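Asks: The structure under discussion is supplied below as structure tokens; questions concerning it will follow.
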Amino acid sequence: MTTASLLDGFLDALLPLRPRAVWAHGSLAGGDYQEGRSDLDLIAVLPGPLGPAHALRITALHTRLRRRPLAAKLHCSYLTPATLDDPDRPHFTWAHGRPLRRPVTPVTRCELHEFGRVLYGEPPGGLLPPVPEGQLRDFVVRDQRDFWRPAVDRARLWRQDVWVDLGLLTFARATVTLRDGRLISKREALAELPALGAPAEVVADIARRRYEDPVPAPAGPDRIARRAAATRAFLGPAIDALVRGADAG
């Protein structure tokens with residue numbers, strides 16, 4: 001009920017801005033949502049255009065919600081009908097407790113079309129242009145090559161749970177998208193990782209932290225260092241091979 005209560009409060013606060021639609025994607029829409037662990041990934045389509053005054057109102061809205069349970073995990077990008085078409089265009093977004101600008105990627109757009117959850121208003125198919133197969137494929141390769149591969153070389157990042165989890169799960173999801181042309185959930189990605197050669201200890205650690213109850217105690221420094229080294233040793237060559245295969249294909 002905590003998630004439902006937060007979403008109800010968010011929608012009530014958003015109504016004065018006259019949204020055309022509010023959609024969920026990611027785990028909340030795909031059936032793999034874990035309350036207290038998963039993010040609440042949302043898209044709101046407002047009438048627009050969005051100027052500085054709208055940004056201030058949206059920031060105030062999220063600031064008022066921040067004391068609610070799970071509010072720190074609620075992330076929302078704000079689009080308008082006139083700005084829906086370009087997947088590279090950055091949009092005003094509230095995420096990680098602060099305002100920023102980021103695009104709504106082809107992966108997110110495909111999720112919305114395939115299994116997006118309508119929280120309010122119009123469905124994605126009525127507003128959001130479809131994603132060409134080549135556009136999805138190109139984005140997945142670019143994301144692995146230009147974002148994740150350089151990140152592997154930044155050793156300190158991989159001492160954090162979020163980098164280990166997202167790095168490996170995103171790689172598995174990218175592999176399946178390029179291989180089979182479909183999107184998979186994080187749970188499905190976790191099941192794919194052993195066959196892709198990911199270190200078994202790290203895969204088991206992700207599974208425990210994401211699905212085990214109660215949540216396991218934080219790992220100690222030695223285990224964190226060992227996990228980081230194993231993740232980087234696997235992920236660097238694995239991404240290189242994935243990108244080479246995609247370029248050759």
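The values are calculated or read from the model by the stated rules, or taken from the named source; none is laboratory data. Quantities reported herein were computed from a predicted structural model and do not represent experimental measurements. A quick note on method: Cβ atoms are made from the backbone with ideal geometry, for glycine too, and the neighbour counts reach across all protein chains shown. Surface accessibility is based on the protein's heavy atoms, side chains included, excluding ligands, DNA and RNA. Shrake-Rupley method; radii C 1.70, N 1.55, O 1.52, S 1.80 Å.
Asks: Condition check: under 19 Å from the mean Cα position of the chain (by Cα) and of a type outside the set (D, E, K, R). Does Leu42 satisfy that?
Replies: yes
Asks: Within 27 Å of Pro69 (Cβ to Cβ), exposed (fewer than 14 other Cβ atoms within 10 Å of the Cβ) and touching a Ser or Thr at 6+ places or on another chain (Cβ under 8 Å), is that true of Arg102?
Replies: Criteria met by Arg102.
Asks: Can I ask one more? Can you find, within region 148-188, the residue that is surrounded by the most Cβ atoms within 10 Å (Cβ to Cβ) among those that are aromatic (Phe, Trp, Tyr) and within 12 Å of Val243 (Cβ to Cβ)?
Replies: Going through the qualifying residues, I end up with Phe171.
Asks: Would you please name the residue that is nearest to Arg179 (Cα to Cα), looking only at residues in region 208-249 that are of a type in the set (Asp, Glu), modelled with pLDDT under 95 and within 24 Å of the chain's Cα centre (by Cα)?
Replies: So the residue we want is Glu212.
Asks: Here is a follow-up. Can you work out which of the residues in region 1-35 that are part of a loop (DSSP other than H, G, I, E, B) and in contact with a Lys or Arg (Cβ under 8 Å, 6 or more places away or on another chain) is least open to solvent (accessible area, probe 1.4 Å)?
Replies: If we filter region 1-35 for residues that are part of a loop (DSSP other than H, G, I, E, B), which is where we start, we get 1, 18-20, 31-35.
Narrowing the set further to residues that are in contact with a Lys or Arg (Cβ under 8 Å, 6 or more places away or on another chain) leaves 32, 34.
Values: Asp32: 6, Gln34: 42 Å².
Among those that are part of a loop (DSSP other than H, G, I, E, B) and in contact with a Lys or Arg (Cβ under 8 Å, 6 or more places away or on another chain), it is Asp32.
Here is a yes/no grid of residues against (1) crowded, with 17+ Cβ neighbours inside 10 Å; (2) in contact with a strand residue (DSSP E or B) (Cβ under 9 Å, 6 or more places away or on another chain); (3) over 27 Å from Ile184 (Cβ atoms); (4) touching a residue at least 60 places away in the same chain (Cβ under 8 Å):
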site	(1), (2), (3), (4)
Arg89	no, yes, no, no
Phe92	yes, yes, yes, no
His96	no, yes, no, no
Glu114	no, no, no, yes
Arg117	yes, yes, no, yes
Asp138	no, no, no, no
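Asks: What number of residues within region 45-66 satisfy the criterion of being crowded, with 21+ Cβ neighbours inside 10 Å and closer than 14 Å to Arg101 by Cα?
Replies: Summing the residues that are crowded, with 21+ Cβ neighbours inside 10 Å and closer than 14 Å to Arg101 by Cα in region 45-66 gives 1.
Asks: Have a look at Asp205, Asp240, Asp222 and point out the one that is farther than 13 Å from Gly167 by Cα and loosely packed, with under 13 Cβ neighbours inside 10 Å.
Replies: Asp222
Asks: Given the condition over 20 Å from the mean Cα position of the chain (by Cα) and modelled with pLDDT of 95 or more, answer yes or no: does some residue in region 160-178 qualify?
Replies: For region 160-178, residues over 20 Å from the mean Cα position of the chain (by Cα) and modelled with pLDDT of 95 or more: absent.
Asks: A further question on this structure: Restricting to region 148-193, give me the number of residues that are touching a residue at least 60 places away in the same chain (Cβ under 8 Å), over 15 Å from Ile239 (Cα atoms) and not in a helix (DSSP H, G or I).
Replies: Adding up the residues that qualify gives 2.
Condition check ((1) of a type in the set (Asp, Glu); (2) farther than 25 Å from Gly116 by Cα) across all residues:
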| site | (1), (2) |
| --- | --- |
| Leu136 | no, no |
| Asp143 | yes, no |
| Arg154 | no, yes |
| Phe171 | no, no |
| Thr177 | no, no |
| Glu201 | yes, yes |
| Arg210 | no, no |
